[in-house]
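*Asks:* The structure that follows is given in the form of structure tokens.
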Amino acid sequence: MRDLLLVAAGTLAIAVALFHAILGETRVFKRASIEPPRLRLLLRLVWQAGALAWAALGALLILAPRFGSETARVWIVALAVATFAAAAAGNAYATRGRHPGWMLLAVVIAAAIGGL
């Protein structure tokens, strides 16, 4: 059951990362007018770096049961929880709780902790 919770947390984390990346490109940056163009590029890269980090942590959560190390499992979960908690808190604060992203990340956090 613990392994299944980690796989579920990782799968949801990757899905959230993909939605974050796609919605950023199709909704946020499509409408935004950011000058100069280099700054626009920088902001897009930073946005996508966050999505990439979430996807990578999701992959680690999925693979953690296969590593065969309880220490590695604990550290992967701890890193994922810290990262997703910071993202969820920032999202909830910035959107005053109206964006579903923080809720999805909270589910990832709960499943990851359950998989310890």
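The numbers here are math on the coordinates, done by the rules we state, and not lab data. What you see is a predicted model, and the numbers here were worked out from it, not measured in a lab. As a convention, Cβ positions derive from the backbone with ideal geometry for all residues, glycine included, and neighbour counts pool all protein chains shown.
*Asks:* Scan the range 18-44 for residues that are under 23 Å from Gly101 (Cα atoms) and among the hydroxyl-bearing types (Ser, Thr, Tyr) and jot them down.
*Replies:* Listed by number, the list holds a single entry, Thr26.
Rundown of residues vs (1) of a type in the set (Phe, Trp, Tyr); (2) touching a strand residue (DSSP E or B) at 6+ places or on another chain (Cβ under 8 Å); (3) touching a residue at least 12 places away in the same chain (Cβ under 8 Å); (4) over 20 Å from Leu60 (Cα atoms), yes/no style:
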| position | (1), (2), (3), (4) |
| --- | --- |
| Ala78 | no, no, no, no |
| Val81 | no, no, yes, no |
| Ala92 | no, no, no, yes |
| Leu105 | no, no, yes, no |
| Ala111 | no, no, yes, no |
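*Asks:* Take the residues in the range 28-51 that are out of contact with any His (no Cβ under 6 Å at 6 or more places or on another chain) and surrounded by 14 or more Cβ atoms within 10 Å (Cβ to Cβ); name whichever of them is nearest to Leu105 (Cα to Cα).
*Replies:* By that ranking, first place goes to Gly50.
*Asks:* Looking at (1) assigned to a helix (DSSP H, G or I); (2) surrounded by fewer than 17 Cβ atoms within 10 Å (Cβ to Cβ), which is the only condition Leu60 fails?
*Replies:* (2)
*Asks:* Please go through the range 64-116 and give me each residue that is polar (S, T, N, Q) and part of a helix (DSSP H, G or I), ordered by number.
*Replies:* Correct list: Thr71, Thr83, Asn91.
Here's the yes/no breakdown for (1) surrounded by 13 or more Cβ atoms within 10 Å (Cβ to Cβ); (2) over 18 Å from Leu18 (Cβ atoms); (3) of a type in the set (Ser, Thr, Tyr):
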site: Trp75; (1), (2), (3): yes, yes, no
site: Ala80; (1), (2), (3): yes, no, no
site: Ala86; (1), (2), (3): no, yes, no
site: Ala89; (1), (2), (3): yes, yes, no
site: Gly97; (1), (2), (3): no, yes, no
site: Pro100; (1), (2), (3): no, no, no
site: Val107; (1), (2), (3): yes, no, no
